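What follows is a short report on a single structure.
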Amino acid sequence: MLDRIDTKLIRLLQQNARISYTAMGKEVGLSSAAIADRVRRLEDQGVILGYSTQVDPSKVGQSLHAIIHLRAFVGMLKPFLARVPSLKEIRNCYRVTGNENIIMEVVLEDQRHLEALIDLLISYGETRTHIVLSQVIRDAPLTSI
């Protein structure tokens, strides 16, 4: 169970994963060593899964952002799931309930790149593609903790 201090530390890290233990300590009234122990415990418990660097895909040549829904053909879901890790265009992939089995967030160089990816995906099932015009919310922090 998380206490008030753990919750505050998680919120601080969600706002800025590079915040120092000293700065966090000032926010919650604990020493840097105590903060380090708490953060390490949260990592060990699997509450904090990791830290990452966010990269703007358009700055590295991937200016097309899309959401693709896949409704797998009978017998093709497992082969698709085995193939997914090798597809570098896929940023996020979710197995979901409903008419489609899979929802993917992809980033691509251009429309030809999207066409090639769809050509590959249609061997696994029917696709529906949505081009992302803008991102209204990006990686919103968990606020229910």
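Just a few scattered comments:
- When Lys8, Lys59, Lys26 are checked against the criterion of being free of Cβ contacts under 8 Å to residues at least 40 places away in the same chain and closer than 23 Å to Val132 by Cβ, Lys59 stands alone in meeting it.
- Tallying residues that are at pLDDT below 95, at positive phi and surrounded by fewer than 10 Cβ atoms within 10 Å (Cβ to Cβ) within region 19-71 yields 1.
- Restricting the search to helices (runs of 4 or more DSSP H) fully inside region 14-102 and requiring at least 2 residues that are farther than 20 Å from Ile122 by Cβ and of a type in the set (Asp, Glu) gives 32-44.
- Test: Pro141 is surrounded by fewer than 17 Cβ atoms within 10 Å (Cβ to Cβ), in contact with a helix residue (DSSP H, G or I) (Cβ under 6 Å, 6 or more places away or on another chain) and on the phi < 0 side of the Ramachandran plot: yes
- Members of region 31-75 that are in contact with a Phe, Trp or Tyr (Cβ under 9 Å, 6 or more places away or on another chain) and not assigned by TED's automatic domain parsing to the domain that holds Met104: Ser31, Ser32, Ala33, Ala34, Ile35, Ala36, Val39
- Residue match in region 72-82 (condition: within 29 Å of Ser144 (Cβ to Cβ), surrounded by 13 or more Cβ atoms within 10 Å (Cβ to Cβ) and at pLDDT 95 or above): no
The values are calculated or read from the model by the stated rules, or taken from the named source; none is laboratory data. Given the structure is predicted, the values throughout are model-derived calculations rather than measurements. Note that we place each Cβ from the backbone using ideal geometry, even for glycine, and neighbour counts take in every protein chain shown.
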